[in-house]
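The values are calculated or read from the model by the stated rules, or taken from the named source; none is laboratory data. Every value quoted in this text rests on a predicted model; they were computed, and no experiment measured them. Neighbour counts are summed over all protein chains in view; Cβ atoms, including those assigned to glycine, are modelled from backbone coordinates with ideal geometry. The area values use the complete protein model at the heavy-atom level, side chains included, leaving out ligands, DNA and RNA. Shrake-Rupley method; radii C 1.70, N 1.55, O 1.52, S 1.80 Å.
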Amino acid sequence: MPTVKIRPMKRIKTEGEDATFYCFAGGKGLPRITWSRQNGKPLSGRAVVSGKILLIRRVRKEDEGTYECTARNGYGFDTATSQLIVKGKKRKTFFH
């Protein structure tokens, strides 16, 4: 059965920044890695999956939530989760 970990386990980003998560899978054979969001929400159209890496470009508040990496092989599967927290941009104030 594969084993899986996501790093970091929690990522805090400001709106407009990129967020990257890494999935590390071990076990017999080469586990197949898939990324998803918890609660059946789809990945953002700004999300790019490249094997073990999930990159979310220019995060928005609606990207906030729990992301899952699942590793599967012929012996079963394992899932790990990571939390993305998105802070609002700081507004610049100008005094005259």
* Asked: Do you know which of the residues in region 68-96 that are of a type in the set (D, E, K, R) and farther than 18 Å from Ile33 by Cβ is modelled with the highest pLDDT?
  -> Lys87
* To do: Scan the strands (runs of 3 or more DSSP E) fully inside region 1-69 and keep the ones with 3 or more residues being more than 11 Å from Ser82 (Cα to Cα) and without any contact (Cβ under 8 Å) to a residue 24 or more places away in the chain.
  => 47-50
* Is one or more of the residues making up region 8-22 modelled with pLDDT under 95 and open to solvent by less than 30 Å² (accessible area, probe 1.4 Å)? -> no
